[in-house]
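The structure under discussion appears below in the form of structure tokens.
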Amino acid sequence: MFECVAQLEGHENEVKSVAWDKSGVYLATCSRDKSVWIWETEDENEYECVSVLHGHTQDVKMVLWHPTEELVVSVSYDDTVKIWASDDDDWVCTCTLLGHTSTIWGASFNENGDTLVTCSDDRKLMFWKAKAGATGIYEEMTSVEDEHDRTIYSVDWSTVNGLIVTGSGDDAIRVFEKDEDDTFKLCGRLDAAHSSDVNCIKWHPTTPDVLCSAGDDNVAKIWRVVRE
């Protein structure tokens, strides 16, 4: 049984993604209207929009909060990643990450938030490192290409085992691990994981090596990664 306790209105087109910050005080939403909205909890079931963030030139696909800081990541059809930070009573764009050559579909932080990974229609994973001493500034670190044959729709970085998993329009799942030299290599692959696109993939939050995938074939599947 569900009861609607609040309705947040203001976007002028489809709302594509929502995300709470770690405290549950702030909520971020993004839309095909090219904007990101930041909402603050006032009282129980009451929310105030504290900032409307403009900067993307195309639909905003996803929003993501930093695991420990008041930073919001947004990814867009305009091929850019933007980092937003609280600045007194407003929110500002601290940096725009360039490098993908097509629509960016997803993003995920590592456990402490000093590295961000993004995935795209260009079939590439890009890794971005936080700049020391500069809040909200990330710089290109490295990238991984040619491990999927079609769009990478989803990426998730496990806070339990440190592995990165991707789901793609080639119906496949890939798992990556970090090397000692700060590069990332393929350590697991599953072809034909679904009979159609893998749209979303997530690690279990507490159990190592367990993940869930969602596909265009109308099913979600639970997997356990067996490492040799």
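The values are calculated or read from the model by the stated rules, or taken from the named source; none is laboratory data. Model, not experiment: these values are computed from the prediction. We place every Cβ from the backbone using ideal geometry, glycine too, and count neighbours over all the protein chains shown.
Take the conditions (1) under 28 Å from Tyr26 (Cβ atoms); (2) free of Cβ contacts under 8 Å to residues at least 12 places away in the same chain; Val81 misses just one of them, which is (2). Say whether the condition of being surrounded by 15 or more Cβ atoms within 10 Å (Cβ to Cβ), modelled with pLDDT of 95 or more and under 24 Å from Ser154 (Cα atoms) is met by at least one residue in region 37-48. Within region 37-48 (the criterion being surrounded by 15 or more Cβ atoms within 10 Å (Cβ to Cβ), modelled with pLDDT of 95 or more and under 24 Å from Ser154 (Cα atoms)), the answer is yes, since at least one residue qualifies.
Considered as a group, the residues in region 214-228 that are among the charged types (D, E, K, R) and in contact (Cβ under 8 Å) with a residue 24 or more places away in the chain include one that is surrounded by the most Cβ atoms within 10 Å (Cβ to Cβ), and that residue is Lys221.
When you check Ala107 against the structure, is it aliphatic (A, V, I, L, M), touching a residue at least 24 places away in the same chain (Cβ under 8 Å), in contact with a Ser or Thr (Cβ under 6 Å, 6 or more places away or on another chain) and closer than 22 Å to Ser158 by Cβ, yes or no? Considered against the rule, which asks whether it is aliphatic (A, V, I, L, M), touching a residue at least 24 places away in the same chain (Cβ under 8 Å), in contact with a Ser or Thr (Cβ under 6 Å, 6 or more places away or on another chain) and closer than 22 Å to Ser158 by Cβ, Ala107 comes out as yes.
Pairs meeting the criteria (first residue in region 4-15 and outside any loop (DSSP other than H, G, I, E, B), second residue of a type in the set (Gly, Ala, Ser), beta carbons under 9 Å, at least 6 apart or on different chains) are Val15/Ser31. Considered as a group, the residues in region 128-157 that are aromatic (Phe, Trp, Tyr) and under 12 Å from the mean Cα position of the chain (by Cα) include one that is surrounded by the fewest Cβ atoms within 10 Å (Cβ to Cβ), and that residue is Trp157.
For residues that are buried (at least 18 other Cβ atoms within 10 Å of the Cβ) and not hydroxyl-bearing (Ser, Thr, Tyr), scanning just region 22-36, find the one that is farthest from Val72 (Cα to Cα).
If we filter region 22-36 for residues that are buried (at least 18 other Cβ atoms within 10 Å of the Cβ), which is where we start, we get 26-31, 33-36.
After this cut, where a residue has to be not hydroxyl-bearing (Ser, Thr, Tyr) as well, the list is 27-28, 30, 33-34, 36.
Values: Leu27: 10, Ala28: 8, Cys30: 11, Asp33: 18, Lys34: 15, Val36: 9 Å.
Ranking the qualifying residues of region 22-36, first place goes to Asp33.
For region 190-213, enumerate the residues that are touching a residue at least 24 places away in the same chain (Cβ under 8 Å) and in a strand (DSSP E or B). Leu190, Val198, Asn199, Cys200, Ile201, Lys202, Trp203, Leu211, Ser213 - these are the residues of region 190-213 that are touching a residue at least 24 places away in the same chain (Cβ under 8 Å) and in a strand (DSSP E or B). Assuming Cys49 fulfils every condition listed in (1) touching a Gly at 6+ places or on another chain (Cβ under 7 Å); (2) within 22 Å of Tyr138 (Cα to Cα); (3) in a strand (DSSP E or B) apart from one, which condition is it? Here Cys49 clears every test but (2).
Total residues in region 99-152 satisfying the condition of being within 22 Å of Ala19 (Cβ to Cβ), in a loop (DSSP other than H, G, I, E, B) and β-branched (Val, Ile, Thr): the figure is 4.
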